[in-house]
Amino acid sequence: MNVLILGSGGREHTLAWKLSQSRKIDNLFVAPGNAGTAKMATNVDIGVTDFEGIGQMVVKEKVDVVVVGPEVPLVEGIHDFFLEDATLSHVTIIGPQKLGATLEGSKEFAKEFMKRHNIPTAAYRSFSEDGLEEGYNFLTSLSPPYVLKADGLAAGKGVLILNDIEEAKRELKTMLVDSKFGDASRTVVIEEFLDGIELSCFVLTDGEHYKILPMAKDYKRIGEGDTGLNTGGMGAISPVPFVDKDFYNKIEDRIVKPTIEGLKEDGIPYVGFIFIGLIKVEGNEPKVIEYNVRMGDPETEVVIPRIKNDLVDVLKAVTEKRLDEIELELDQRSAATVIAVSGGYPESYEKGKEINGLDAVKESIVFHAGTKESNGEVVSNGGRVLAFTSYGKDFKEAVETSYSNLDKIHFDGIYYRKDIGFDL
Ligand code: AMP
Ligand code: GLY
């Protein structure tokens, strides 16, 4: 099987690492990839939204399966592009068509979907510019904190949680009238604040059947104790200790099954990963915070290493719509990943810092995120630079192993959180 992975982060390196272990892989490509993927696959210098370029490469290299890492190409319709081209329509795309990708591309669409299918989520209403006054009234009817969400993609920045009613009203106006998030905030979803602990549930579906992959918990804030600005993710652990059998069953029965059934009922074709952001609220109830139409990053760096199956077998089963025949075999150990970032991230930071000591790392798996090769050296090339994944008998042991291995490497300005799992 020839596989192309789209993307250039830790998630894509992890998928490449896993796929490259399969003897059933003939050729593995990553576009555009990073210094880590270059060691196990062929990096192709094509951007993830250059559909023409990707299509040409897929034909030339006889790619059978394209695994789409990030959401943007899905929301922009890469799957539809392939289906509409006779030379590409036979290729399996792991990732939904534009319609299915709207679950991530529009929060209003996702909320309406959940409402239609009785999937537990925060109560909400959505507003556009001409409904500004109604929006103010709705805010006044709620108690703080107030949750305001830009409807469209806003690179993870489109959610505001505010305590002050006047500030909430001001922000609503800035989003709707002054286009705070551009077109993404032409519609704003205002929702009830949910208090609880978050986790991520990953599902793979062939459109007919589904498998629940290991659940994970990520740490999004830059600072220890979950303080400071939001980032792409500073670490993750899997499994999630508070997900017992009872809670798992609730997630499957109340959320996963109705989601898969709802897609079918609504005639939304969907092949690929569904990442369900969940929150456990009082009374042990799972509620959906959001849908994403891809794997999470850094969650992938702990989820995939816990799957023992040959990933090619799994992808082949998805292609042939017989995912029900796959029995997932999981590593019973815990996995943890800790992200080393560039100093200053998630605000401005410098790139091009030489990374030293990688050869000394023995007990962790190093997944590259923002790295590239420059004159034979690995240098930083983004905010999130490296993910250190380790196994352990529990997440604490796994996290400790990542820390002791992080001690062995260095680049100018390196920073990582030393409290991953602190709240568990
Ligand atoms: P989202 O982009 O929808 O995942 O939202 C980003 C973050 O905002 C989530 O990970 C939560 O921490 C928080 N959040 C979103 N919606 C709510 C809500 N209704 N109640 C509490 N926190 C929320
Ligand atoms: N870790 C959160 C995300 O990938 O969106």
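Observations on the structure shown:
- Accessible area of TYR136 in the full protein assembly, 1.4 Å probe (Å², nearest 10): 40 Å²
- Relative protection proxy for 305-315, 228-238, from highest mean packing down: 228-238, 305-315 (other beta-carbon atoms within 10 angstrom).
- Value of [θ]222 nm, deg cm²/dmol, for the chain, DSSP H segments ≥ 4, -39500 (n - 2.57) each, nearest 500: -7000 deg cm²/dmol
- Where labels lie 7 Å past Cα in the beta-carbon direction, separation of SER374 and ASP26 in nm: 3.8 nm
- PHE422 versus GLU327: modelled label distance in nm, points set 7 Å from Cα along the beta carbon direction: 4.2 nm
- Entry note, the stretch 355-406: relative contact order of 36 percent, from Cα contacts under 8 Å with a spacing of 6+ residues.
- Considering only ALA216, PHE127, ASN284, and ranking their Cα positions along the charge dipole of the chain that arises from unit charges at the beta-carbon of Lys, Arg, Asp and Glu, the one farthest toward the positive end is ALA216.
- Take 116-123, 84-91, 268-275 and order them by the average number of nearby Cβ atoms within 10 Å per residue, most first; the result is 268-275, 116-123, 84-91.
- Taking the inverse of the mean 1/r over every pair of distinct Cα atoms in the stretch 104-176 gives a Kirkwood hydrodynamic radius of 12.9 Å.
- Under the criterion of Cα pairs below 8 Å and six or more residues apart, the relative contact order for the chain equals 17 percent.
- Computed accessible area, ARG170, all protein chains, 1.4 angstrom probe, square angstrom: 140 Å²
- Stokes-Einstein translational diffusion, the chain - Kirkwood Rh over all Cα pairs, 1.002 mPa s, 20 °C, in µm²/s: 97 µm²/s
- Between ARG170 and LEU132, the modelled label-to-label distance comes to 1.5 nm, taking each label 7 Å out from Cα in the direction of the beta carbon.
- If the chain linking ASN309 and ALA360 were pulled fully straight, counting 0.36 nm for each residue of separation and taking away their Cα-Cα distance, it would gain 15.5 nm.
The values are calculated or read from the model by the stated rules, or taken from the named source; none is laboratory data. Note that this is a predicted model, so its numbers are computed, not measured. Neighbour counts are summed over all protein chains in view; Cβ atoms, including those assigned to glycine, are modelled from backbone coordinates with ideal geometry. Note: accessible area is taken over every heavy atom of the protein model, side chains too, but ligands, DNA and RNA are not part of it. Shrake-Rupley method; radii C 1.70, N 1.55, O 1.52, S 1.80 Å.
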